[in-house]
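Below: the structure, in structure tokens.
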Amino acid sequence: MLVLVEGESDEEIISAAWSKLRSGQPMPFEIRPALGMKNLNITLNDQELFAKLGSRMIAGIFDFDEAYDQWNGVWKSRDKPSTLVSSVESDGLIKRRDGKNAWAMLLPVPTARQTYASTALKGRSILSIEFLFEDKDIPPHMIDHVAGPLNVSMPKFRSAEKTSFATHVAGLPASSFAAFEPLLSALEGMLAGRH
């Protein structure tokens with residue numbers, strides 16, 4: 001299965017999560033960065049995608065932030081129908097292209113980050129992949145605080161720190177990757193035909 005993610009650091013972080021949580025097991029999918037949420041949307045909506053893939057499965061993973069709008073736009077037209085196969089935010093929202101081995105997924109929302117992302121917030125959510133880690137695992141200098149609605153301070157991961165953070169998490173213990181379990185389980189479920 002081909003798994004497309006928004007960026008290169010996402011690829012590194014998910015690979016690290018797999019090695020920590022599935023120690024010794026080969027990763028049964030290939031992860032590739034799509035170079036942005038819009039490119040991920042464009043690729044999944046490409047008319048020629050399934051001809052190019054042949055029988056290969058594909059999944060796209062979107063951050064649960066402004067990328068929600070891109071995820072929501074995948075397979076929206078009548079000629080590309082899809083079905084929501086997981087509507088539980090803590091498991092990751094997943095839609096499947098009808099009749100195809102293709103999925104589009106939003107990151108799962110850990111209990112500690114429920115105020116960061118929801119279907120009520122939609123594209124105003126702020127859950128980038130880095131926020132699947134607890135605050136204790138995120139060096140404070142990698143976070144900016146920006147003014148949100150009603151002048152509330154909201155955390156935002158610094159784009160310039162994403163590569164450094166991906167390197168940083170490789171040294172964290174497996175327990176720090178607990179919030180990735182629903183993501184990995186969902187990918188395994190796709191491979192096993194459970195989604």
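The values are calculated or read from the model by the stated rules, or taken from the named source; none is laboratory data. Bear in mind that the values here come from a model prediction, so they are computed numbers and not experimental data. No Cβ is skipped: glycine too gets one built from the backbone with ideal geometry, and neighbour counts run over all protein chains shown.
Things worth noting here:
Condition check ((1) of a type in the set (Asp, Glu); (2) out of contact with any helix residue (DSSP H, G or I) (no Cβ under 6 Å at 6 or more places or on another chain)) across all residues:
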residue: GLN70; (1), (2): no, no
residue: ASP79; (1), (2): yes, yes
residue: SER82; (1), (2): no, yes
residue: GLY123; (1), (2): no, no
residue: GLU130; (1), (2): yes, no
residue: ILE143; (1), (2): no, yes
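- For ARG96, the conditions (1) under 25 Å from LEU49 (Cβ atoms); (2) surrounded by fewer than 13 Cβ atoms within 10 Å (Cβ to Cβ) are fulfilled apart from (2).
- Boolean, PHE157 is of a type in the set (Phe, Trp, Tyr) and in contact (Cβ under 8 Å) with a residue 40 or more places away in the chain: no
- Against the test of being within 23 Å of THR163 (Cβ to Cβ), surrounded by 15 or more Cβ atoms within 10 Å (Cβ to Cβ) and over 13 Å from the mean Cα position of the chain (by Cα), the options ILE138, ILE61, ILE129 yield a single qualifying residue, ILE138.
- LEU35 loosely packed, with under 15 Cβ neighbours inside 10 Å and closer than 16 Å to ASP10 by Cα: yes
- GLU30 vs. criteria charged (D, E, K, R), out of contact with any Leu (no Cβ under 6 Å at 6 or more places or on another chain) and at pLDDT 95 or above: no
- Pick from the range 141-158, criterion part of a helix (DSSP H, G or I) and modelled with pLDDT of 95 or more, ranking: surrounded by the fewest Cβ atoms within 10 Å (Cβ to Cβ): HIS141
- Residue in the range 160-167 that is loosely packed, with under 15 Cβ neighbours inside 10 Å, among the β-branched types (Val, Ile, Thr) and touching a helix residue (DSSP H, G or I) at 6+ places or on another chain (Cβ under 8 Å) present: yes
- Of all residue pairs spaced 6 or more apart or on separate chains, those with beta-carbon atoms under 9 Å, a first member in the range 40-69 that is more than 29 Å from ILE126 (Cα to Cα) and a second member that is acidic (Asp, Glu) are GLN47/ASP79; LYS52/ASP46.
- Of LEU187, LEU183, LEU191, all but one fail to be over 15 Å from the mean Cα position of the chain (by Cα) and either surrounded by 13 or more Cβ atoms within 10 Å (Cβ to Cβ) or assigned to a helix (DSSP H, G or I) (or both); the exception is LEU191.
- Output for the range 117-126, where each listed residue is of a type outside the set (Gly, Ala, Ser), surrounded by fewer than 16 Cβ atoms within 10 Å (Cβ to Cβ) and not in a helix (DSSP H, G or I): THR119, LEU121
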